[in-house]
1. Residue by residue through the range 9-31, note down the ones that are over 30 Å from K186 (Cβ atoms) and more than 16 Å from the ligand (Cβ to nearest atom).
2. Can you name the residue in the range 63-84 that is closer than 18 Å to V142 by Cβ and either touching a residue at least 60 places away in the same chain (Cβ under 8 Å) or out of contact with any Asp or Glu (no Cβ under 8 Å at 6 or more places or on another chain) (or both) and is also farthest from the ligand (Cβ to nearest atom) among such residues?
3. Within the range 260-295, which residues are surrounded by 15 or more Cβ atoms within 10 Å (Cβ to Cβ) and either among the acidic types (D, E) or at pLDDT below 95 (or both)?
4. Might you check whether a residue that is surrounded by fewer than 22 Cβ atoms within 10 Å (Cβ to Cβ) and assigned to a helix (DSSP H, G or I) occurs anywhere in the range 239-246?
5. Consider the range 26-42. How many of its residues are within 14 Å of Q286 (Cβ to Cβ) and part of a strand (DSSP E or B)?
6. Would you pick out the residues in the range 146-185 that are of a type in the set (V, I, T) and within 16 Å of the ligand (Cβ to nearest atom)?
7. Among residues belonging to the range 49-62 that are polar (S, T, N, Q) and at pLDDT 95 or above, point out the one that is farthest from the ligand (Cβ to nearest atom).
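The values are calculated or read from the model by the stated rules, or taken from the named source; none is laboratory data. Since this is a predicted model, take the numbers as computed values, not measurements. In this analysis, Cβ positions are derived from the backbone assuming ideal geometry, glycine residues included, and neighbour counts consider all displayed protein chains.
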Amino acid sequence: MKKIRPGDSNQITREYFDSLLVEMRHLDGALPETGLELFGEQFRTPVMTAALSHLGNVRENGMVQMAEGARLAGAVSWAGMGDEKELEDITTTGARTIKIIKPYVDNDYILQRIAHAEKCGVMAVGMDIDHAFSGKGKYDVVLGMEMRPKSLEEMKEFVKATKLPFVVKGVLSVKDAEKCLEAGVKGIVVSHHHGIIDYAVPPLMILPEIVRVVQKQIPVFVDCGIESGSDVFKALALGADAVCVGRALMGPLQVNGAEGVQEKIASLTEELAGIMARTGASDLSQIDPSVIWKA
Ligand SMILES: Cc1cc2nc3c(=O)[nH]c(=O)nc-3n(C[C@H](O)[C@H](O)[C@H](O)COP(=O)(O)O)c2cc1C
C-alpha cells in the first residue's frame, strides 16, 4: 500500500477532488461543445499542458514533443523554465504557447526573456511567483540562478513591458489574486506547484473565492493533480476557465511522444464532454456550479 505522508499537499488535493460529487441533469440535454476561446484565439479543449520543464529526462526532445501533442489536440501549450533555443523549437511546432518565466533576481534578464518570448510568437507570457523561496526560508536557487519575490510595482512593470497578456502562476490566495488584478495581469493560475508547501489548500477549495474576487475580469486557470475528465469538469464547474495538466501527461509522453500527449488530452476532453452531456451543459459557459455537491 502507498505510504501517505501527513501534510502531503498532493494527497490532500486528491482527497478534495474525490470529495466533490456531481448530480445529473438529462432533461432538455444536448450534445456538448468543448471549444475554448482564450485571448482571442479558438481551441478545441479547455485541457492545456502545464508549464513543465526538463522533459528531456522523460523523452528525447520532451518539451517539443509535449508542445506538438498540444497542437495536435487543439490545445493551449504552456512552457516552463528552459533556454531560448528550446522555446524557439517549441514555438516552431506551431503550438500556441504560454511561456512562464521564473522570478529571477535580475529583472533585466526577465525583461530580456519576455522580449525573446514575444519574438518567438507566443500567445502570452507570465511568471511562476511561487518559486521565489526555497522550503528553508531562503531565496530559491534553480539551476544556479537565484530567485526573488516580486513586488506589486515590479509586476506592474512586467505587465507594461509586453504587448502580450501577462499571466501569473502560483496564486493560492485571494490577496495575491487582488494584487494581480491591481497589477493589470491578464490571467492567473491557481496552483500549489504540485505541493511546494505542505498542507497547501487544494486549488479547487480556494478557487470559488478567487473567482468571486476576479469577477470574470480575467481568465482563471487551475492545475495540480488533474487526472481525469471528472477532475477537469469539477475545476470548470467551480469557476476555472481552463485547466493545466502536467504529471498525468508525462507517462503518455514517455511511451508515445507527441501522439501520446494528443491522445491523453483527447481522452480527458471526451470524459469531460461525457459529464457535460449528463449535467445539461451544452458548452463550457453552461457548466453550472450547482451540479457540484460536497460529500
Ligand atoms: C517535471 C516538472 C517540471 C516543472 N517545471 C515547471 C516550470 O519550469 N515552471 C512552472 O511554473 N511550473 C513547473 N512545473 C509545475 C507544473 O506546471 C504544475 O504546476 C504542477 O506540476 C501541478 O500540475 P500537475 O499536478 O498536473 O503536475 C513543473 C512540474 C513538473 C512535474
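1. Of everything in the range 9-31, those that are over 30 Å from K186 (Cβ atoms) and more than 16 Å from the ligand (Cβ to nearest atom) turn out to be S19, L21, V22, E23, M24, R25, H26, L27, D28, G29, A30, L31.
2. E84
3. Within the range 260-295, E263, E271 meet the criteria.
4. No, every residue in the range 239-246 fails to be surrounded by fewer than 22 Cβ atoms within 10 Å (Cβ to Cβ) and assigned to a helix (DSSP H, G or I).
5. 1
6. Those that are of a type in the set (V, I, T) and within 16 Å of the ligand (Cβ to nearest atom): V167, V168, V171, V185.
7. It comes out as N61.
So that you can scan it fast, the table gives a plain yes or no per residue for (1) modelled with pLDDT under 95; (2) among the basic types (K, R); (3) within 17 Å of the chain's Cα centre (by Cα); (4) within 12 Å of the ligand (Cβ to nearest atom):
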position	(1), (2), (3), (4)
V211	no, no, yes, no
V220	no, no, yes, no
G225	no, no, yes, yes
A240	no, no, yes, no
Q254	no, no, no, yes
A258	no, no, no, no
